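The values are calculated or read from the model by the stated rules, or taken from the named source; none is laboratory data. The structure presented is a predicted model; accordingly, all values stated were derived computationally and were not measured. Please note: Cβ atoms are built from the backbone with ideal geometry, for glycine as well, and neighbour counts cover all protein chains shown.
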Amino acid sequence: MRRVLEKYSNREKNRAKDFIHKITRVIAEAFRGYVHGFEDLNKEKMLNKSRTHNRNVAKSDWKTIISLMSYKSRVRLLNPYNSARRCSSGMVNAPKGALYECKGCGLKIDRQLNACINLYLQMEGLSPSPKLFTELVKRWSGFTLTGGEADARLR
Ligand SMILES: [Zn+2]
C-alpha cells in the first residue's frame with residue numbers, strides 16, 4: 001500500500017514540476033530581459049492554527065518556482081515584510097478578505113494586486129505614497145483594481 005501511495009505521490013510531484021517548468025518558460029519568454037521579483041518566503045514562519053492554511057502553505061512549492069525561473073531569467077528575492085498588509089498608497093493596516101479596503105485612504109484593491117504593487121515598489125527602491133500610486137495607476141491602464149470589477153466585465 002505504501003509503495004502504491006509513494007508511486008502516485010511521486011507522479012503528482014513530477015506533474016507539478018512539469019507545470020512549473022512550462023509556466024516559468026512562458027513568463028520568461030513573454031517578459032524577456034525583465035527582472036522578476038519573488039517574495040523570499042519562509043514557510044515555517046507562515047504557519048498558523050488553521051489546518052487548511054497550513055496544508056496550502058505546505059503544498060506550495062515557491063522554492064522550485066524561483067529556482068526554475070532563475071534558470072530562464074534574472075530573479076530578485078524581495079522582503080515579504082508587510083507586502084500584503086501595507087496599502088500600496090502608504091499606510092500599514094490589515095484588512096481581511098480578497099478585497100483590500102484601506103482604512104486610511106479608502107483604496108479598494110484586489111489583495112494580491114496590492115501586494116504585487118508593494119513588491120514592485122520595493123524592487124524599484126520606491127516608498128509607497130498616494131501620489132506615486134496615482135501616477136502608477138495612470139500608466140498601467142487596462143488592469144482592474146478589484147475582483148468585483150473583473151467579474152462585472154465578464155458579465
Ligand atoms: Zn491606503
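Within the bounds of the stretch 105-120, is there any residue that is assigned to a loop (DSSP other than H, G, I, E, B), in contact with a Leu (Cβ under 9 Å, 6 or more places away or on another chain) and either surrounded by fewer than 16 Cβ atoms within 10 Å (Cβ to Cβ) or not hydrophobic (A, V, I, L, M, F, W, C) (or both)? Before the answer, list the steps.
Taking the stretch 105-120 and keeping what is assigned to a loop (DSSP other than H, G, I, E, B), we get 105-107.
If we keep only those that are in contact with a Leu (Cβ under 9 Å, 6 or more places away or on another chain) as well, we get 107.
Those left that are additionally either surrounded by fewer than 16 Cβ atoms within 10 Å (Cβ to Cβ) or not hydrophobic (A, V, I, L, M, F, W, C) (or both): none.
Looking through the stretch 105-120, none of the residues is assigned to a loop (DSSP other than H, G, I, E, B), in contact with a Leu (Cβ under 9 Å, 6 or more places away or on another chain) and either surrounded by fewer than 16 Cβ atoms within 10 Å (Cβ to Cβ) or not hydrophobic (A, V, I, L, M, F, W, C) (or both).
Let's see how each residue does on (1) hydrophobic (A, V, I, L, M, F, W, C); (2) more than 15 Å from the ligand (Cβ to nearest atom):
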| site | (1), (2) |
| --- | --- |
| 88 | no, no |
| 98 | yes, yes |
| 121 | yes, no |
| 128 | no, no |
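Could you give every pair whose Cβ atoms fall below 7 Å, whose first residue belongs to the stretch 64-81 and is over 13 Å from residue 33 (Cα atoms), and whose second residue is among the acidic types (Asp, Glu) and crowded, with 17+ Cβ neighbours inside 10 Å, counting only separations of at least 6 or pairs across chains?
Correct list of pairs: 78/39; 80/39.
Just checking, how many residues over the stretch 80-104 are assigned to a strand (DSSP E or B) and of a type outside the set (Val, Ile, Thr)?
Filtering the stretch 80-104 for residues assigned to a strand (DSSP E or B) gives 86, 92, 99-101.
Filter once more, so that each one left must be of a type outside the set (Val, Ile, Thr): 86, 99-101.
Matching residues across the stretch 80-104 total 4.
Is it the case, given these coordinates, that residue 82 is within 16 Å of the ligand (Cβ to nearest atom), buried (at least 19 other Cβ atoms within 10 Å of the Cβ) and either of a type outside the set (Phe, Trp, Tyr) or farther than 30 Å from residue 15 by Cα (or both)?
On the way: within 16 Å of the ligand (Cβ to nearest atom): yes; buried (at least 19 other Cβ atoms within 10 Å of the Cβ): no; either of a type outside the set (Phe, Trp, Tyr) or farther than 30 Å from residue 15 by Cα (or both): yes.
For residue 82, the condition - within 16 Å of the ligand (Cβ to nearest atom), buried (at least 19 other Cβ atoms within 10 Å of the Cβ) and either of a type outside the set (Phe, Trp, Tyr) or farther than 30 Å from residue 15 by Cα (or both) - is not met.
Just to be sure before I move on: is residue 12 within 30 Å of residue 130 (Cβ to Cβ), of a type outside the set (Val, Ile, Thr) and either touching a His at 6+ places or on another chain (Cβ under 6 Å) or not assigned by TED's automatic domain parsing to the domain that holds residue 125 (or both) in the structure I sent?
Judged against the criteria, residue 12 is not a match.
List, please: which pairs have Cβ atoms under 7 Å, are six or more places apart or on different chains, and start with a residue in the stretch 94-111 that is aromatic (Phe, Trp, Tyr) and end with one that is part of a strand (DSSP E or B) and near the ligand (Cβ under 10 Å from one of its atoms)?
100/109
Within the stretch 81-97, which residues are at pLDDT 85 or above and either among the aromatic types (Phe, Trp, Tyr) or in contact with a Gly (Cβ under 8 Å, 6 or more places away or on another chain) (or both)?
81, 87 - these are the residues of the stretch 81-97 that are at pLDDT 85 or above and either among the aromatic types (Phe, Trp, Tyr) or in contact with a Gly (Cβ under 8 Å, 6 or more places away or on another chain) (or both).
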